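Have a look at the structure below, then the notes.
The values are calculated or read from the model by the stated rules, or taken from the named source; none is laboratory data. All values reported here derive from a predicted model rather than from experimental measurement. No Cβ is skipped: glycine too gets one built from the backbone with ideal geometry, and neighbour counts run over all protein chains shown.
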Amino acid sequence: MKTQFNRRHFLCGTGALIALPALESIGFRPFAVAAEKAKAAPPKRAVFLGIGFGITKETWFPDLNDTGADYKLSEGLSPLTRHKKDFTVVQGCSNQYSNEAHWGSTFWLTGANRYSVPGQNMANSISADQVAAQQLGKDTRFASMQLDSSDGSASGHGPGLSLAWDQRGKPVAGFNNPLKVFHKLFSADNLPLAQRQAAIAEKRSVLDAVLTEARRVQRGLSKTDNDKLDEYFQGIREIETRLGKDEDWLDVPKAKAPLAEPAPGLKGRNEIELMYNLIVAALQTDSTRVMSYRLPGQELLKSMDVTLSAHNISHYSPGDRMDASKARDKAHSELLAGLIDKLKATKEADGSSLFDHTALAFGSNISSIHYLDNCPTILTGGGANLKLGQHLALPKDTPLCNVWLTMLQGMGIQAERHGDSSGVVKELQA
């Protein structure tokens, strides 16, 4: 049936259209819309994987003089052989303000000067993953998701609740239990919709009352106190943003889990493997497009039947400590190779792979034996338009934030600088 709608018919029926379903007769074509959506390019994703006490420099880094695409893979990276053309090893980078030999991830993604705020001995700035989340996280249920190690500070990560730090330089909490991550991503909320709406409304009401009182107190404060209050207001605004996002997704069912519910109590290597599977599942279902994981170190060693502490191994010398350090490096490379396998095997709607649209970084702020120069860095995935399949030796003390800036811009993130960056790494740009 061909029905002609003119402007008069449309205006007369406007009130009714509010309650009517979308009609093909006035231009709504559900199959065409679905087809256009299917044709749309898959979104960009970002994943950051941080280790604490670093690596064994003698066996993890490729030979400094053996660069380019035909370099010989090192012993520590040998489990990644099958993916050699799809990742780049970067040497020469550091965070110029780093001065804590036990803090492997606190400033890894921020490049911040911990003394930048007068009167404070610990200040941070926004991490690269959260810069990405500000743009990539607009259309997903979770703007970003942070995974954390199950063994806390024993792995040499330093202060923080995950790898992530917000725009005020405050730590962002992470999940350190795979089962909780699974339920957060895929388990339905059993509370009725009305109750969930009421809970959000109550939280908004509390925020409104707090803001009113804070503004009343603001009058007559010193500049220092006003600065503190401004930071407080920023925190309130961030809570309001999160509440708004929660509200947007209240009546949207969570994605169906593409993997089984994990068993409780997994630690070490099994935990890391499962967290990697959850990262793939989260990206695959578009539940989030930005993930970070502060990996366990002590529990990984325990699962490898190593009785030495992660800290003592970081002070290795030839013998048992160095052997354990090298074994840990290989374990990380094996697990990373498995993650890359899964990203490559997971298909997008257009037939490409999840790997093709994901930018992934692996590394630490500590290089080896508590040295803070030459941060170990691996970049992989096609999501940032980087030149992969090479060993890149940059000038000594190149800002690591130059790598993050190059990665962010390669994903289409509008960022002129990040942390202590001095520019992009042109050798990384495809």
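Odds and ends about this structure:
- Applying a threshold of 8 Å to beta carbon distances and a minimum spacing of six or more residues, or different chains, the list of pairs starting in the range 118-147 at a residue that is on the phi < 0 side of the Ramachandran plot and ending at one that is part of a loop (DSSP other than H, G, I, E, B) and acidic (Asp, Glu) reads ILE126/ASP166; GLN130/ASP166; THR140/ASP286.
- Among the residues of the range 157-171, those identified as touching a helix residue (DSSP H, G or I) at 6+ places or on another chain (Cβ under 9 Å) and either surrounded by fewer than 20 Cβ atoms within 10 Å (Cβ to Cβ) or at pLDDT below 95 (or both) are PRO159, ASP166, GLN167, ARG168, LYS170.
- Index of the failed condition, ALA112 passing every other in (1) assigned to a loop (DSSP other than H, G, I, E, B); (2) at pLDDT below 95: (2)
- Only listed residue being part of a loop (DSSP other than H, G, I, E, B) and closer than 30 Å to ILE413 by Cα, chosen from LYS72, LYS138: LYS138
- Considering the conditions (1) in a loop (DSSP other than H, G, I, E, B); (2) at pLDDT 95 or above; (3) surrounded by 11 or more Cβ atoms within 10 Å (Cβ to Cβ), THR88 is excluded by exactly one of them, (1).
- Qualifying positions in the range 294-325 - over 29 Å from ALA164 (Cβ atoms) and of a type in the set (S, T, N, Q): THR307, SER317
- Inspection of the range 362-370 finds no residue satisfying the criterion of being modelled with pLDDT of 95 or more, touching a strand residue (DSSP E or B) at 6+ places or on another chain (Cβ under 7 Å), farther than 15 Å from TRP60 by Cβ and surrounded by 17 or more Cβ atoms within 10 Å (Cβ to Cβ).
- If only residues of the range 60-77 that are surrounded by fewer than 17 Cβ atoms within 10 Å (Cβ to Cβ) and touching a helix residue (DSSP H, G or I) at 6+ places or on another chain (Cβ under 7 Å) are counted, the one that is farthest from PRO159 (Cα to Cα) is LEU73.
- Of all residues in the range 294-312, those that are closer than 17 Å to ASN365 by Cα have Cβ atoms under 6 Å from Cβ atoms of residues that are at pLDDT 95 or above and of a type in the set (Asp, Glu), 6 or more apart or on another chain, in ARG294/ASP148.
- Of the listed requirements (1) at pLDDT 95 or above; (2) under 26 Å from SER314 (Cβ atoms); (3) among the hydrophobic types (A, V, I, L, M, F, W, C), ALA154 misses just one: (1).
- Residue list for the range 338-374, filter: closer than 24 Å to ALA41 by Cβ and in a loop (DSSP other than H, G, I, E, B): THR346, GLU348, ALA349, ASP350, GLY351, SER352
- Among the candidates LEU300, LEU274, residue that is assigned by TED's automatic domain parsing to the domain that holds GLY104 and either surrounded by fewer than 19 Cβ atoms within 10 Å (Cβ to Cβ) or assigned to a loop (DSSP other than H, G, I, E, B) (or both): LEU274
- The range 375-430, residues that are within 14 Å of ALA359 (Cβ to Cβ), in contact (Cβ under 8 Å) with a residue 60 or more places away in the chain and assigned to a helix (DSSP H, G or I): VAL403, TRP404, MET407, LEU408, LEU428
- First in the range 73-97 and in contact (Cβ under 8 Å) with a residue 24 or more places away in the chain and over 11 Å from ASP373 (Cα atoms), second anywhere and among the hydroxyl-bearing types (Ser, Thr, Tyr) and surrounded by fewer than 19 Cβ atoms within 10 Å (Cβ to Cβ), Cβ under 7 Å, 6 or more apart: GLU75/THR59; GLY76/THR59
- Complete set of residues in the range 311-336 that are touching a Lys or Arg at 6+ places or on another chain (Cβ under 8 Å) and of a type in the set (Gly, Ala, Ser): ALA331
- If you check LEU408, LEU379 for being touching a His at 6+ places or on another chain (Cβ under 8 Å) and crowded, with 24+ Cβ neighbours inside 10 Å, only one passes: LEU408.
- Just one of the listed residues (SER317, SER353) is of a type in the set (Ser, Thr, Tyr), surrounded by fewer than 19 Cβ atoms within 10 Å (Cβ to Cβ) and out of contact with any strand residue (DSSP E or B) (no Cβ under 8 Å at 6 or more places or on another chain), and it is SER317.
- Members of the range 91-109 that are within 17 Å of GLY52 (Cα to Cα), of a type outside the set (Asp, Glu) and assigned to a loop (DSSP other than H, G, I, E, B): ASN95, SER98, ASN99, ALA101, HIS102, TRP103, GLY104, SER105, THR106, PHE107, TRP108, LEU109
- One residue stands out among those in the range 416-430 that are of a type in the set (Gly, Ala, Ser) and buried (at least 19 other Cβ atoms within 10 Å of the Cβ): the one that is nearest to LEU136 (Cα to Cα), which is GLY419.
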